[in-house]
1. For segment 38-55, enumerate the residues that are surrounded by 20 or more Cβ atoms within 10 Å (Cβ to Cβ), at pLDDT 95 or above and not in a loop (DSSP other than H, G, I, E, B).
2. Restricting segment 122-131 to residues that are surrounded by fewer than 19 Cβ atoms within 10 Å (Cβ to Cβ) and touching a residue at least 40 places away in the same chain (Cβ under 8 Å), which is nearest to Cys52 (Cα to Cα)?
3. When the residues of segment 197-242 are filtered to those that are touching a Pro at 6+ places or on another chain (Cβ under 7 Å) and touching a residue at least 40 places away in the same chain (Cβ under 8 Å), which remaining residue is nearest to Ile123 (Cα to Cα)?
4. Kindly evaluate Leu91 against the criterion of being assigned to a helix (DSSP H, G or I) and crowded, with 21+ Cβ neighbours inside 10 Å.
5. Quick check, is Leu225 buried (at least 20 other Cβ atoms within 10 Å of the Cβ), touching a strand residue (DSSP E or B) at 6+ places or on another chain (Cβ under 6 Å) and outside any helix (DSSP H, G or I)?
6. Search segment 183-196 for residues being in contact (Cβ under 8 Å) with a residue 12 or more places away in the chain and small (Gly, Ala, Ser), and hand back the single one that is nearest to Pro161 (Cα to Cα).
7. Give segment 79-88 a look and list any residue that's part of a loop (DSSP other than H, G, I, E, B) and surrounded by fewer than 17 Cβ atoms within 10 Å (Cβ to Cβ), or say none.
8. Inspect segment 95-111 for any residue being modelled with pLDDT under 95, hydroxyl-bearing (Ser, Thr, Tyr), surrounded by fewer than 21 Cβ atoms within 10 Å (Cβ to Cβ) and on the phi > 0 side of the Ramachandran plot and give the result as yes or no.
Amino acid sequence: MKLKRTLSALADIVFPPRCLTCTEIVDHQRNSPFCPDCFSKIHFIRSPLCPCCGTPFTGADRYDHLCGDCITTKSVFAVARAVGRYETILLEAIHRFKYNGKIYIGEILGRLMAEYTYPSFNITKNSLIVPVPLHSKKLRERGFNQSLILAREISKKFSIPLDFMTLRRYVNTEPQISLGKKERESNVHGAFSVTDPDKIKGQRIILVDDVFTSGSTVKECARVLMKNKAVAIAVITLARAV
């Protein structure tokens, strides 16, 4: 252990840690992948929020309460939480990871997800971690599944088994970004399937993705997992579009 700390200290001298977005040298003792200026620009999601879907509230809202959608429509997942809003610094870090192939950034962001304290949610109460899968064609194009890289760090932190083979995406749907809410739901309906129901039955599952936008993708994944007799689904994303 002492040798490991010594080697780590030497590495910091030769290759000092830098901020994920502005590349300024950061103090490793801060235990943050961002410099103080960039860190201050991240809008972390905390209470008040919807205790079910995790929608953050602003303005006069002071306490957690169900949002309008969760009042009128029963959610297929039990809870959804995100680290921060999908904007400014967090958006830039995700884009560098996801679209520029900076896998090491994804590993750092995954550790951020694992260490974050989510309002009214305990990761350790769950028994299995499942990343949202990519279609095989998309996986070949990108070379990695960003959700798997994030999920792996959460799995390591809490020693919760990781399953990235049982939930599969068999339909190569068109990109969600240009679609409206109803179109997004139709686009992903039937796109996912479970290869071995016995691995899902009785599990309390954490479903991991990078960004929660309309929620259509994670809802469809959760629907399929619940259909295969999972006990409950919790969704964790790095960011949330608000």
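1. Of everything in segment 38-55, just one residue is surrounded by 20 or more Cβ atoms within 10 Å (Cβ to Cβ), at pLDDT 95 or above and not in a loop (DSSP other than H, G, I, E, B), namely Leu49.
2. Of segment 122-131, the ones surrounded by fewer than 19 Cβ atoms within 10 Å (Cβ to Cβ) are 122, 124-125, 127.
From what is left, the residues that are touching a residue at least 40 places away in the same chain (Cβ under 8 Å) are 125, 127.
Working: Lys125: 16, Ser127: 19 Å.
Looking at residues that are surrounded by fewer than 19 Cβ atoms within 10 Å (Cβ to Cβ) and touching a residue at least 40 places away in the same chain (Cβ under 8 Å), I get Lys125.
3. Only one residue fits best here, namely Val208.
4. Details: assigned to a helix (DSSP H, G or I): yes; crowded, with 21+ Cβ neighbours inside 10 Å: no.
Taking the combined requirement at face value, the residue does not satisfy it.
5. Working: buried (at least 20 other Cβ atoms within 10 Å of the Cβ): yes; touching a strand residue (DSSP E or B) at 6+ places or on another chain (Cβ under 6 Å): yes; outside any helix (DSSP H, G or I): no.
Taking the combined requirement at face value, the residue does not satisfy it.
6. From segment 183-196, those in contact (Cβ under 8 Å) with a residue 12 or more places away in the chain are 184-185, 187-196; that's our starting set.
Checking the rest, the ones that are also small (Gly, Ala, Ser) come to 190-191, 193.
On the way: Gly190: 26, Ala191: 24, Ser193: 20 Å.
Of everything passing the filter in segment 183-196, Ser193 is nearest to Pro161 (Cα to Cα).
7. Taking segment 79-88 and keeping what is part of a loop (DSSP other than H, G, I, E, B), we get 86-87.
Within segment 79-88, Glu87 is the sole residue that qualifies.
8. The answer is no, given that none of the residues of segment 95-111 is modelled with pLDDT under 95, hydroxyl-bearing (Ser, Thr, Tyr), surrounded by fewer than 21 Cβ atoms within 10 Å (Cβ to Cβ) and on the phi > 0 side of the Ramachandran plot.
The values are calculated or read from the model by the stated rules, or taken from the named source; none is laboratory data. Everything numeric in this text was worked out from a predicted model, so none of it was measured. Quick reminder, even Gly has a Cβ in these numbers, built from the backbone with ideal geometry, and neighbours come from all protein chains shown.
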